[in-house]
1. Listing Ile9, Ile261 from the residue with the fewest other Cβ atoms within 10 Å to the one with the most, what is the order?
2. Of Asp151, Asp349, how do they rank once you tally other Cβ atoms within 10 Å and put the fewest first?
3. As I understand it, the value is the acute angle between the Cα axis of helix 215-228 and the longest principal axis of the Cα atoms of the chain; what does it come to in degrees, rounded to 10?
4. Quick check on packing: order 108-121, 207-220, 57-70, 137-150 by the mean number of other C-beta atoms within 10 Å, highest mean leading.
5. Taking the Cβ of Arg52 as the centre, find all other residues whose Cβ is under 14 Å away and add up their charges (Lys, Arg: +1; Asp, Glu: -1).
6. Helix 120-131 versus the longest principal axis of the chain: what is the Cα-based angle in degrees, 0 to 90, to the nearest 10?
7. What whole number of Å gives the distance from the Cα centroid of the stretch 76-102 to the Cα centroid of the stretch 15-68?
8. Long-range amide H contacts for Leu114: which residues qualify at under 5 Å (H placed 1.01 Å from N, peptide plane, sequence gap of 5 or more or a different chain)?
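Bear in mind these aren't lab numbers, they're just calculated from the coordinates by the rules spelled out. The structure displayed is predicted, hence computed values, not measured ones. Ideal geometry is used to build each Cβ from the backbone, glycine not excepted, and the neighbour counts take in all protein chains shown.
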Amino acid sequence: MKKIKRIGILTGGGDCPGLNAAIRGIGKSALYHNGIEVIGIRDGYQGLVENRVQHLGLDELSGILTRGGTILGTNNKCSPKKYYEGKDESGASIYSNAVDRCMATVEEHCIDVLFVIGGDGTFTCTKPLVEAGLRCIGIPKTIDNDIHGTDLTIGFTTALRIGTMALDRLHSTGDSHHRVMVCELMGRNAGWLTLASGLASGSDVILIPEIPFDLDKVCEFVESRRNDQSGFSIIACAEGAHPIGEEQVVSMHIENSPDPIRLGGIGGNVARIIEDRTGIESRTTTLGHIQRGGEPAATDRVVATTFATAAFELAMRGQFNTMVALCDGHMEAKNILDAAGKQRLVPKDHRFIRAARAVRTCFGD
Ligand code: F6P
């Protein structure tokens, strides 16, 4: 096997807390123990197509463990296979296959292995590059925790902490004003973040995409609380949750993005309908990108450093085109292409759901 002399690191998809910890983990493993040079690719695949790279030495890798976001920049719109070139005279978008340009960047900078820190979209984009001969190692990240093949992703536990804190704080106003407080959380089509935040904060109602809900049942439940006891209810609502038989609420379409749909707005709809039907004053808080921002929690620093250093070991053992994964408490190497384009959703009988139901949480079903 050809000796690894230089590696590349790329962060793709949405940013999340813990990306810099992962960059540091890979980079320092390479520099300290093996004398391997490290190159950072700017702005995800965009930088690989456009040949924008930066040197990563100990200076660049120091002091970033606790920083949110990614020092390399990222992008959740660029696909090497369908690269957006701009618009033609009629205003139509022009796309090209930029796989060769990516491979030219890899060759020009003598990148022997590319470390790709991303989610299912990023890993899907990796496929044509692997087919063109790229050697890569994947590291799973996303606050959504929805990557196929791993129980945990970088960013999830920090977002969980933020979601829980927000829901905890909504209790005061709900209690004081006897209101229904709806909090909309991110997560795309997966309910992990909302479910875990709802469970941790003792939310009264949890609405997730995997369990379509009946608004009559939700109204009945919040009314029973008004009659029974405290009179207020906290609802943790995932952006992808939807009533039975209805579509998800789309907040915007992003042209040129491999996944063009952005969800959002269901929380406001739920609050409005509850107020109309029950007469209970209702309010909505949408957490949005606050869930992705700021410094990583201690757990994410540990997860990111563990994943990153394990990923580096995989490269040193020649186990290319794999993704590090945490499965039942053990680190494993999965085929990166198996994680591509799939989502890990919450099983309806998951222990978190059973636990929530046991303490009388309503799922609206
Ligand atoms: O995948 C992470 C995520 O934050 C989702 O939870 C959310 O639906 C989406 O990204 C938002 O994307 P953007 O940053 O493009 O608005």
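1. By the 10 Å Cβ count, ascending: Ile261, Ile9.
2. On the way: Asp151 15, Asp349 7.
Lowest to highest Cβ neighbour count: Asp349, Asp151.
3. Taking the Cα atoms of the chain, the angle to 215-228 is about 60 degrees.
4. In decreasing order of mean packing, 108-121, 207-220, 57-70, 137-150 become 137-150, 108-121, 207-220, 57-70.
5. Numbers: positive: Arg42, Arg101; negative: Asp43, Glu50, Glu108.
It works out to a net charge of -1.
6. 20
7. Using only Cα atoms to place each centre, the spacing works out to 26 Å.
8. Long-range HN contacts for Leu114: Gly8, Arg135, Cys136, Ile137.
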